[in-house]
Structure formats: C-alpha cells, structure tokens
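Enquirer: One structure is given below, represented as structure tokens, and several questions about it will come after.
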Amino acid sequence: MKKTLSLILSAILVLSLLSGCGQGPQSENIGSMGEPVSSMELDFAQGFSVDYYEGGYKLISISDGSRFLVIPEGKSLPKGAPEGAVPLYQPVERIYMAATAVMCLFDALDGLGSIAFSGSRAENWYVEGAKKAMEEGRMVYAGKYSEPDYEMLVQSSCPLAVESTMINHSSEVKDKLEELGIAVLTDQSSNEPHPLGRTEWIRLYGAILDKEEEADAVMERQKAELEEALSAGKSGRTVAFFYISSSGRAVVRRSGDYVSKMIDLAGGQYAFSDIGDPDSKSSTVTLEMETFFSSVRDADVIIYNSNIDGEVKTLDDMLRKSSLLQGLKAVSEGNVWCTGQNMYQQTTELGTIIKSFSRVFSGQADGLDELPFLYRLR
C-alpha cells in the first residue's frame, strides 16, 4: 500500500513540475526589486511584516523565518528577488485552508472565493460563509491538515496551503506539499502576545488578496470595540473561565493565555493568577474538581467554555456536570454565562468579545440574557 501511494505521489510530482503547479509566468526575469518604498503599519501583531516595492510587489516576512513574495498579476519574478522567498502569483486562488481560525479572516475580506479546499468538513464550520460554500460545492473537503488529499490539490493546481502551527507536528506533510509545488504558509497568529494581534493577521491576508483597505476597516472596528472596553476600567470582579471534561475534571485556561488576557483587558481579574507553564504551548490546564472548587468558590463571574464540551443550554445542564458547582458564589448570585460555540472561529471579532466580557464584569449586562458570543445560563 505504501509503495503504491509512493508511486502515485511520484507521478503527481512529475505532472506538477511539467504543468508548473502553483507557479506563475516563467518568462525571463524583468525589473529589479530595489528597496521597499513603504512598509505596512501594524498596531498589535508582531509575527509578520509586509514591505511594498515598486511595481506592486509585496514581501511578506513571518516570524518562523519564512518569506513570500506576492507578484502582481501578469508580472514575473523580478531581478534581485530575496533568496528563499516563495513566489505567490496573483490572483492567489484555489487555496487549501487548513487553519481553522483563519477562515473568518478571509470571510471578512469577502475573500472566500479564493479558497477552494477546506481542512474541516461543512458541519464543523461556524463561519456561515464557509459552511454555505461547502454545502453548495464551491469549496470542498480536501482532508484534515495532517492527511491532505495530495492528488486532489495537485490536480486542481492548488498554489497555497494555509496551515496552523499544528502542522509543526506533521512536518512530513509540509515537506510533501512543498515537494509537490504547493507553497505552505504557517499562520503564527496564535503566538501573538496581544489578543488583537491575532485579529491583525487579517492585514497579511489582505496583502495577498489586494484587500488592504478591507482589512484596515476590520481592524478599526475591533480597535474601537477594545477602546470602549478599556474605558470601563477595572471592575475588581474575579472571573472563572472553564469547562468540565468527559472525565469529570475542570479544564481552565493557562495564565497569560489569550483568553485570560482578554478577561484582563475587559476589566476582570482571572481567578488563576499563576497557573500552567508559561513556556508551554498548551493553552489549558486540567484540575481535579476539589482543587478547582477551592480556587473559584468566591469568583464573581463564571464563563462556561462550550467550545470544546458542547453548548449547555441551561444552568441545570452545567450543574449536572459536577455537584460541586452548586456551591459557587456566582451560581447563587446568577452570574453564570456561557460562550457560543462559534467564539474560537471568530478571530475577526476579538475586540467585540472583549467588549462583551467588559459589559458583564462592569455590570452593564445586568438584566440581559444575551451578548455577542455570550449568553446567560438560567
């Protein structure tokens, strides 16, 4: 079986090289890169940069050391192009999107038409545009990030795979995609120190799609939401954010994780001030219920994380997960909220989520049952 697969992939590789899969015009190099005429201004993101050159060329540099040279439609690779920079010839279409958190960025840019292949099935998308595109056949499932359908991608001349950092655990897949002539861009937004740094990666994809203005508009809206949340100041209220695993243990966010940072920006005080290894890539810590209970017994606000465990509809749904939860102060005072399952697929809305947190912590949501990405459990 492995030998057969190897022969198939070898044949695909030969065909891709003959057809120039993922490549643009191969005519003689023209022009010269020279020095950049300007650079993209960033407010929060630290994991990438974009430099602009004469002739519409753009050089994208990413914190993992990779670089991509965006080449305008109809133009060739210029003289003096940076060594090692992967050329992306516009229009960049038929993209394989294996990074779940990036789909909403393309959606916000009205760029879903550039994506032909998904690493998730339709039923797993909470980005409605992506779900609809798959249901209508405009976007198809091409295998998850660790098991892509190489033959489908090559036969369709896919030029680019957008991956999350999970691809680092399947480096052989990245190597194979590149061997087949498919450029691999590993999104590093999950490593951004500021939550809105994640959102600002929309500017990188805006540069690839020539939609910088649309990306700017998204960022301005989210910056305004963040500023409104910050204006409310510190509430002094302690906040627990967690879910109960199938084994009956509490799973909380690591201190310094982007969710705990959003709680802080929203004026709350995260219940776990020093939990988890700051150098760990894991964003969560699992606790025995007794340990968890002693830490959050007097928390003012509970936010139940439904994105992993599945949505709970009522307070009783949550309490059935552990009898200890009944003794929490927030439960007795009615300050229990739940996240919508779409929260983690909405990277474009992190400022809005922080604002919703702020309204809960400041008391502005008293009497309300629903906010963007949150609803109260009763």
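The values are calculated or read from the model by the stated rules, or taken from the named source; none is laboratory data. As the structure is a prediction and not an experimental result, all values here were calculated from the model. Backbone-built Cβ (ideal geometry, glycine too); neighbour counts: all protein chains shown.
Enquirer: Please verify whether Ser170 is out of contact with any His (no Cβ under 9 Å at 6 or more places or on another chain) and not in a loop (DSSP other than H, G, I, E, B), treating the condition exactly as stated.
Expert: Values: out of contact with any His (no Cβ under 9 Å at 6 or more places or on another chain): yes; not in a loop (DSSP other than H, G, I, E, B): yes.
Taking the combined requirement at face value, the residue satisfies it.
Enquirer: On the basis of being in contact with an Asp or Glu (Cβ under 6 Å, 6 or more places away or on another chain) and of a type outside the set (Asp, Glu), does Ala122 make the cut?
Expert: When the stated conditions are applied, Ala122 passes them.
Enquirer: Right, something else. Can you pull out the residues in region 193-218 that are without any contact (Cβ under 8 Å) to a residue 40 or more places away in the chain and of a type in the set (A, V, I, L, M, F, W, C)?
Expert: Ala217
To keep it simple, each residue is scored yes or no on (1) without any contact (Cβ under 8 Å) to a residue 12 or more places away in the chain; (2) within 30 Å of Met262 (Cα to Cα).
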position: Glu41; (1), (2): yes, yes
position: Phe48; (1), (2): no, yes
position: Glu54; (1), (2): no, no
position: Tyr57; (1), (2): no, no
position: Ile62; (1), (2): no, yes
position: Gly65; (1), (2): yes, yes
position: Leu77; (1), (2): no, no
position: Gly80; (1), (2): no, no
position: Gly84; (1), (2): no, no
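Enquirer: Mind listing whichever residues of region 72-94 are assigned to a loop (DSSP other than H, G, I, E, B) and within 25 Å of Met139 (Cα to Cα)?
Expert: Once the filter is applied, which keeps residues that are assigned to a loop (DSSP other than H, G, I, E, B) and within 25 Å of Met139 (Cα to Cα), region 72-94 yields Pro72, Glu73, Gln90, Pro91, Val92, Glu93, Arg94.
Enquirer: Select from region 134-166 the residues that are within 23 Å of Asn191 (Cβ to Cβ), surrounded by fewer than 22 Cβ atoms within 10 Å (Cβ to Cβ) and touching a residue at least 24 places away in the same chain (Cβ under 8 Å) and list them in ascending order.
Expert: Lys144, Ser146, Ser164, Thr165 - these are the residues of region 134-166 that are within 23 Å of Asn191 (Cβ to Cβ), surrounded by fewer than 22 Cβ atoms within 10 Å (Cβ to Cβ) and touching a residue at least 24 places away in the same chain (Cβ under 8 Å).
Enquirer: Based on what the data block shows, is Tyr126 in the same structural domain as Arg198 (by TED's automatic domain parsing) and either closer than 25 Å to Asp216 by Cα or not in a loop (DSSP other than H, G, I, E, B) (or both)?
Expert: When the stated conditions are applied, Tyr126 passes them.
Enquirer: Which ones in region 21-48 are closer than 18 Å to Pro72 by Cβ, modelled with pLDDT of 90 or more, surrounded by 12 or more Cβ atoms within 10 Å (Cβ to Cβ) and among the hydrophobic types (A, V, I, L, M, F, W, C)?
Expert: Met40
Enquirer: Kindly indicate the residue of region 140-165 that is of a type in the set (A, V, I, L, M), assigned to a strand (DSSP E or B) and touching a Leu at 6+ places or on another chain (Cβ under 8 Å) and also nearest to Ile62 (Cα to Cα) among those meeting that condition.
Expert: Val162
Enquirer: Does Ala116 qualify as being at pLDDT 95 or above, under 19 Å from Arg198 (Cα atoms) and surrounded by 20 or more Cβ atoms within 10 Å (Cβ to Cβ)?
Expert: No.
Enquirer: While we're here: Mind checking which residues of region 322-355 are among the polar types (S, T, N, Q), assigned to a helix (DSSP H, G or I) and either more than 32 Å from the chain's Cα centre (by Cα) or over 30 Å from Ala108 (Cβ atoms) (or both)? Steps first, answer last, please.
Expert: From region 322-355, those among the polar types (S, T, N, Q) are 322-323, 326, 332, 335, 339, 341-342, 345-348, 352; that's our starting set.
Now restrict to residues that are assigned to a helix (DSSP H, G or I): 323, 326, 332, 345, 347-348, 352.
Answer for region 322-355, where residues must be among the polar types (S, T, N, Q), assigned to a helix (DSSP H, G or I) and either more than 32 Å from the chain's Cα centre (by Cα) or over 30 Å from Ala108 (Cβ atoms) (or both): Ser323, Gln326, Ser332.
Enquirer: Report yes if Ser190 is of a type in the set (S, T, N, Q), touching a residue at least 40 places away in the same chain (Cβ under 8 Å) and over 20 Å from Asp300 (Cβ atoms), otherwise no.
Expert: Considered against the rule, which asks whether it is of a type in the set (S, T, N, Q), touching a residue at least 40 places away in the same chain (Cβ under 8 Å) and over 20 Å from Asp300 (Cβ atoms), Ser190 comes out as yes.
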